[in-house]
Each structure stands twice: as C-alpha cells, then as structure tokens.
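Visitor: Once you've had a glance at the structure underneath, I'll fire off some questions.
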Amino acid sequence: MIQVRKSGYMLAILVILMLIVTACGGNNSNNNASPSSSAAAPAQGEKASPSESAAAPAADKKVTLGFAQVGAESGWRSANTKSVQESAAEAGFDLKFSDAQQKQENQIKAIRSYIQQKVDVISFSPVVESGWDTVLKEAKDAGIPVILTDRAVDSKDTSLYVTFIGSDFVEEGRRAGKWLVDKFKDEKGDVNIVELQGTTGSAPAIDRKAGFEETIKSSANLKVIASQTAEFTRAKGKEVMQAFLKANKDIDVLYAHNDDMALGAIQAIEAAGLKPGEDIIIISIDGVKDGFVAASEGKINFIVECNPLLGPQLMQAVNDVLAGKEIPKRIVTEEGVFTSEDAKRELPNRQY
Ligand code: GYE
C-alpha cells in the first residue's frame, strides 16, 4: 500500500511538472509563431531602454541635413525650396530647414545651430558671396561637411566646403548679352539699356552683370544708361523701374537679373502707357512659370533659363559625401534659353 501511495505521489508530481513545462513551452512557441508581434516588441523596448536603442538601426541612421535657405524672395526661390524639401523626404532624410529672409546674419545663426545640433551635413545658398570663412571654419572644425547650392562664396580656402552645385551665372549673363547683340546687329543708333540687378553682393547679381557686360562691350552703341538693385523681388522691380522711367525718356531695353523683377517692371511700364516687349525690349533670367506666361504674351522677349530644381542633385551629393565617395568640387546645372515663341510652345510643360 505504501508503494502504491508513493507512486501515486510521484505521478501527481510528474503531472504537475509536465503542466508547468507545457505552460512555459506554450509561451515560447507563441512568440516564435508570431514574427510580427515579436518584431514589434523589441522596437518598443528600444525606445524605453537607452542601451538597446543604440542598436536600433533605422532610427539612428537617418541622415540629418541642415539647410539654410536665402528666403522666399522670388518664384525661383519657392521652386527651389519645394525641390529641396521634396527630395529630402524622398531620400528619407531628416531635413532641418530655415529661411533667412535675405539676411546673412540669419543664415549664419542657422548654420551655427546646425553645428550645435550635430547634423550630418549642412547645405546652404549663401545670400551674398563674402563673409563666410569664420562660420565655415566652425563647421569644418566640428567635422560637418558643407555643400553649397545655388550661390557660391568667395572664400579663398576651398577646403571649407565639399562642393558647389548650381548654375553658371556668368554664362547666363553672356547668353542674355549675346541675344541682345544679335537683335540689334543692324542698328546704328544708340540702344539705351536699363538694368535691374539682383541682391547686392550676391553671386547671381555680380556674375549676371559681368557676363552681360562682357558680351555687349563689343557693340559700342549698346549702352547701359542706368543700373540699380531691385533685390530680386517684384515689388522692388516695379519701384525701381518707375524711377528709371521718370529719369530717362528713351529706354529701349530692360535687362532684369530675374523674372520677378521683370514682372514688377512690366507693371510700371504698362502704367506709364508703354508696351512691354515692343516699346521696351525685355530680357530676364530664371524661366519660372509667370515669366513664361509673360514671354508667351510677348511682354518678355527673351528668357535665359536658370534651373531651381537642385534637390535631387543635392541629396545625391549628401549620400556620396557620407559614403566617403569623391565628388567634383563644382557641379553645374544644365539649362537653356527661350524666345517668346519657344515660351508659347513650352508653357504647358513648365513644372515651376
Ligand atoms: O535667379 C532669383 C533668386 O540665386 C539663382 O535667386 C538664384 C536667384 C534667382 O531670387 O530669382
């Protein structure tokens, strides 16, 4: 009887042990059977525990790009901003974006804050050419690569930035000048030109002026009789053109460093009872949609294209720099020129 009772106890213990083992095993097999829930669990755990979050690849490897934009002064700039934001999102980057309202001090502040935040790469379109060495040196010392887009700096030390992606503004000025020289090749009398310059001290204003002057100087009768900045904006373009019209009776040509200033000037010309594109020949640079509309209506006679869609090239450069690849010091964007006739044809295809 004792034997029977003993083996009865043993059996009971065995059954209890088996139950415990099955219960544990059941839990384990549940975890294994459900990969989706087991994948979700560690992600939550990583957020809670800093030691585990160091191993979280997706969250930690997201590239941070600090972009210090010039402002929102023109149609070109809006298209450029959109291109940068969309391309950064497509590339899966964490974009920190700031608008400097055309002020260098704001851009410098933004760059310093990106350095502090230890972003992976800094990019910016320098509002003016000079005065960047100190802040660029700070970025270099912090080991953060800088990519210039759209506008160049005049720093002698080119090791302060990795590359400059943007247009050849001197060439744009030359293209504008060449068209004008050709248009007036049979004209013997004086051709009076007024010029609306971009932001004083900016690369596009300096270079577009230089390229234009270089090409028209061979024709002695092509004369720039007035030249002033209108800061790349429509409002200023209108204001300065009004002043030009008041001070000069015989204006034959307007050369505007961008479409927006030309569009503002067109309002002033019309208000003065003159026909833009006929009484005054108009050349501008950029090729944004509103510029194309004016050109297709014959109000702008010639547009030199400047491409604002720099986002994809910038993101590519960021990836290349972080991958340690060698990239060219200068990446030039491709662009064309358009007469009123071309503008009419091209208008439906214009993206910006
Ligand atoms: O032409 C003008 C803008 O830097 C190329 O800036 C850019 C210029 C562009 O405000 O419209």
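The values are calculated or read from the model by the stated rules, or taken from the named source; none is laboratory data. The shown structure was predicted, so the numbers you read here are calculated from the model rather than taken from an experiment. For neighbour counting, all protein chains shown are included, and Cβ atoms are generated from backbone atoms with ideal geometry for every residue, glycine included. Quick note on the areas: whole protein, heavy atoms, side chains included, nothing else; ligands and nucleic acids left out. Shrake-Rupley method; radii C 1.70, N 1.55, O 1.52, S 1.80 Å.
Visitor: If I go through the range 41-85 residue by residue, how many of them are of a type outside the set (G, A, S), away from the ligand (no atom under 16 Å from the Cβ) and either at pLDDT below 95 or not in a helix (DSSP H, G or I) (or both)?
Guide: Filtering the range 41-85 for residues of a type outside the set (G, A, S) gives 42, 44, 46-47, 50, 52, 57, 60-65, 67, 69-70, 73, 76-77, 80-82, 84-85.
Next, only the ones that are away from the ligand (no atom under 16 Å from the Cβ) stay: 42, 44, 46-47, 50, 52, 57, 60-65, 85.
Applying the additional criterion that residues be either at pLDDT below 95 or not in a helix (DSSP H, G or I) (or both) yields 42, 44, 46-47, 50, 52, 57, 60-65.
Summing the residues that are of a type outside the set (G, A, S), away from the ligand (no atom under 16 Å from the Cβ) and either at pLDDT below 95 or not in a helix (DSSP H, G or I) (or both) in the range 41-85 gives 13.
Visitor: Hey, could you check the range 295-352 for residues that are basic (K, R) and closer than 21 Å to S87 by Cα and say which is most open to solvent (accessible area, probe 1.4 Å)? Walk me through how you get there before you give the answer.
Guide: First, pick out the residues of the range 295-352 that are basic (K, R): 299, 325, 329-330, 344-345, 350.
Subset that is closer than 21 Å to S87 by Cα: 325, 330, 350.
Numbers: K325: 122, R330: 89, R350: 25 Å².
Top of the filtered list is K325.
Yes/no matrix, rows are residues, columns are (1) open to solvent by less than 30 Å² (accessible area, probe 1.4 Å); (2) within 11 Å of the ligand (Cβ to nearest atom); (3) under 17 Å from L196 (Cα atoms); (4) not basic (K, R):
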site	(1), (2), (3), (4)
S219	yes, no, no, yes
T229	no, no, yes, yes
N248	no, no, yes, yes
S284	yes, yes, yes, yes
F292	yes, no, no, yes
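Visitor: Hey, can you tell me all the residues within the range 140-169 that are in a loop (DSSP other than H, G, I, E, B) and open to solvent by 20 Å² or more (accessible area, probe 1.4 Å)?
Guide: Step one: filter the range 140-169 for residues in a loop (DSSP other than H, G, I, E, B), giving 142-145, 150-157, 161-162, 167-168.
Selection gives A142, G143, P145, A152, D154, K156, D157, Y161, V162, D168.
Visitor: Just one of the numbered conditions (1) away from the ligand (no atom under 13 Å from the Cβ); (2) closer than 19 Å to N307 by Cα; (3) not acidic (D, E) is not true of R112; which one?
Guide: Checking R112 against (1) away from the ligand (no atom under 13 Å from the Cβ); (2) closer than 19 Å to N307 by Cα; (3) not acidic (D, E), the one that fails is (2).
Visitor: What number goes with the only condition from (1) in a helix (DSSP H, G or I); (2) open to solvent by less than 10 Å² (accessible area, probe 1.4 Å); (3) under 30 Å from A142 (Cα atoms) that E172 does not pass?
Guide: Condition not satisfied by E172: (3).
Visitor: Hey, among the residues in the range 253-274 that are open to solvent by 40 Å² or more (accessible area, probe 1.4 Å) and not hydrophobic (A, V, I, L, M, F, W, C), which one's farthest from the ligand (Cβ to nearest atom)?
Guide: As a first pass, look at the range 253-274 and keep what is open to solvent by 40 Å² or more (accessible area, probe 1.4 Å): 267, 270-274.
Within this subset, residues satisfying the condition of being not hydrophobic (A, V, I, L, M, F, W, C) are 267, 270, 273.
Working: Q267: 17, E270: 21, G273: 28 Å.
Checked the range 253-274; the qualifying residue farthest from the ligand (Cβ to nearest atom) is G273.
Visitor: Quick check on my filter: what residues within the range 177-199 are within 13 Å of the ligand (Cβ to nearest atom) and either surrounded by 24 or more Cβ atoms within 10 Å (Cβ to Cβ) or within 20 Å of the chain's Cα centre (by Cα) (or both)?
Guide: First, the residues of the range 177-199 that are within 13 Å of the ligand (Cβ to nearest atom): 196-199.
Once the filter is applied, which keeps residues that are within 13 Å of the ligand (Cβ to nearest atom) and either surrounded by 24 or more Cβ atoms within 10 Å (Cβ to Cβ) or within 20 Å of the chain's Cα centre (by Cα) (or both), the range 177-199 yields L196, G198, T199.
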